1. Looking only at residues that are without any contact (Cβ under 8 Å) to a residue 40 or more places away in the chain and among the aliphatic types (A, V, I, L, M) in the range 37-59, which one is surrounded by the most Cβ atoms within 10 Å (Cβ to Cβ)?
2. Could you look through the range 7-21, keep only residues that are surrounded by 10 or more Cβ atoms within 10 Å (Cβ to Cβ) and modelled with pLDDT of 70 or more, and pick out the one that is nearest to the chain's Cα centre (by Cα)?
3. Checking the condition free of Cβ contacts under 8 Å to residues at least 12 places away in the same chain, among the small types (Gly, Ala, Ser) and over 19 Å from ARG149 (Cα atoms), which residue from ALA11, ALA83, ALA29, ALA76 passes?
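The values are calculated or read from the model by the stated rules, or taken from the named source; none is laboratory data. A quick note: this is a predicted structure, and the numbers were derived from the prediction, not measured. Every residue, glycine as well, gets a Cβ built from its backbone with ideal geometry; the counts of neighbours run over all protein chains shown.
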Amino acid sequence: MTEGDGPHTVAWREWTGAAEVITRAGSFADLGVLDQVGALGQPQVILGEGHMYVEPTRALVAVDVNTGNDTSPAAALKANLAAARALPRALRLRGLAGQISVDFVSMSKAHRKQVEQSLRAAFKADPIETSLVGWTAMGLFELQRKRERPPFPEHLFKDL
């Protein structure tokens, strides 16, 4: 076996469309990168139309979607669609994989198809292999995601 590419090489390979690369000292703090990295250690992901909590456990990754104070069916659908679009990025940035269970805001069965289509479109654009299993009898959506690297906290700043 040979040693694979380091994280910096992988990042440059996946980084497309960069207009400008800033390399001056202190630019991470100036541009808010350190704040964004710090936010990855928190379970809450702000969606605009509500928020979701992404919390890994030993057995699975639990995702809980909430609307906040607005409990209308329209707000539930908006929050669920926003969560479906944001979920691949949240999982990828945190390095989370394995069994994933998503507890969407309660919605009608007619809206489930729309949310599932949005999930399929979002994960189709994601480079990490993910199998969308489907809805459980309890109304959760289950996924299986291939592990490509250790979860975020285990390797943060390891090579720096």
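1. Step one: of the range 37-59, the residues without any contact (Cβ under 8 Å) to a residue 40 or more places away in the chain are 38-39, 42-44, 46-49, 51-53, 55, 57-58.
Now narrow it down to the ones that are among the aliphatic types (A, V, I, L, M): 39, 46-47, 52.
Working: ALA39: 13, ILE46: 11, LEU47: 23, MET52: 26.
Applying the filter and picking the extreme gives MET52.
2. Keep residues of the range 7-21 that are surrounded by 10 or more Cβ atoms within 10 Å (Cβ to Cβ), which gives 7, 9-12.
After this cut, where a residue has to be modelled with pLDDT of 70 or more as well, the list is 7, 9-11.
Details: PRO7: 19, THR9: 22, VAL10: 19, ALA11: 17 Å.
Residue satisfying both the conditions and the ranking: ALA11.
3. Numbers: ALA11 fails: over 19 Å from ARG149 (Cα atoms); ALA83 fails: free of Cβ contacts under 8 Å to residues at least 12 places away in the same chain; ALA76 fails: free of Cβ contacts under 8 Å to residues at least 12 places away in the same chain.
Matching residue, one of ALA11, ALA83, ALA29, ALA76: ALA29.
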